[in-house]
Amino acid sequence: MSEGLIIDDNRQTADALQQMLEVLELPAKVAYGSSPAMAVLGTQIPRFVCLDINMPGVDGTEVLAYIRREPRLMKVPVIVITSDDQPETRQHVLRGGAQAMLIKPATIDALEGALKKAGVLS
């Protein structure tokens, strides 16, 4: 899978993020929540993941932990995009293996910077 994966239970946020990625010429499919995301991650290796944290059921930190312990996914860059602006959350996701964390609503410039930092864009 040469496209990215957006994981967010909010359709409006996920669709807006997908449009920003299209502008950056980075196609991405959307999984509206952690269950659909786990189905995709079980069979495909995305180029990168944009991941929300606060989702019902399995939250984003658990999805991140799965990505980092699954050998075929562990090198996939992960950008966390969340409304949770707590320093503890930032520390937790960066220690957990995310390359960057953005606060919603993310701007295209912030997204581009995070993708460059993660090595997805040059």
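Here's the list of lysines a cross-link from Lys104 could span, going by alpha-carbon distance under 24 Å and ignoring same-chain residues fewer than 8 apart: Lys29, Lys116, Lys117. The local environment of Ser122, defined by Cβ-Cβ distances under 15 Å, has a net charge of +1 under the rule Lys, Arg +1 and Asp, Glu -1. If you average the C-alpha positions of the range 77-100 and of the range 2-60 separately, how far apart do those two centres end up, in angstrom? If we compute the Cα centre of each part, the gap is 15 Å. Per-residue Karplus couplings for the range 93-99, computed as 6.51 cos²θ - 1.76 cosθ + 1.60 with θ equal to phi - 60°, are listed in order as 6, 6, 5, x, x, 6, 7 Hz, Gly and Pro entered as x.
Neighbours of Pro77, meaning other residues whose beta-carbon lies under 11 angstrom from its beta-carbon, give a summed charge of +4 when Lys and Arg score +1 and Asp and Glu score -1. Around Lys29, what is the net charge, scoring Lys/Arg as +1 and Asp/Glu as -1 over all other residues with Cβ under 13 Å from its Cβ? Spelling it out: positives minus negatives among the neighbours equals -3. Contact order for the chain, expressed relative to its length and based on alpha carbon pairs under 8 Å spaced 6+ residues apart, stands at 22 percent. Were the residues from Ala39 through Glu70 laid out at 0.36 nm apart, the gain over their Cα-Cα distance would be 9.8 nm.
Heavy-atom surface analysis with a 1.4 Å probe gives the chain a carbon and sulfur content of 50 percent of its accessible area.
Protein-only accessible surface at a 1.4 angstrom probe places the residues Tyr66, Tyr32 in the order Tyr32, Tyr66, largest first.
The values are calculated or read from the model by the stated rules, or taken from the named source; none is laboratory data. Note that the structure is a prediction, hence the values are computed from the model and not measured. A quick note on method: Cβ atoms are made from the backbone with ideal geometry, for glycine too, and the neighbour counts reach across all protein chains shown. For the accessible areas, the whole protein counts, side chains as well, though only heavy atoms, and no ligand, DNA or RNA atoms are used. Shrake-Rupley method; radii C 1.70, N 1.55, O 1.52, S 1.80 Å.
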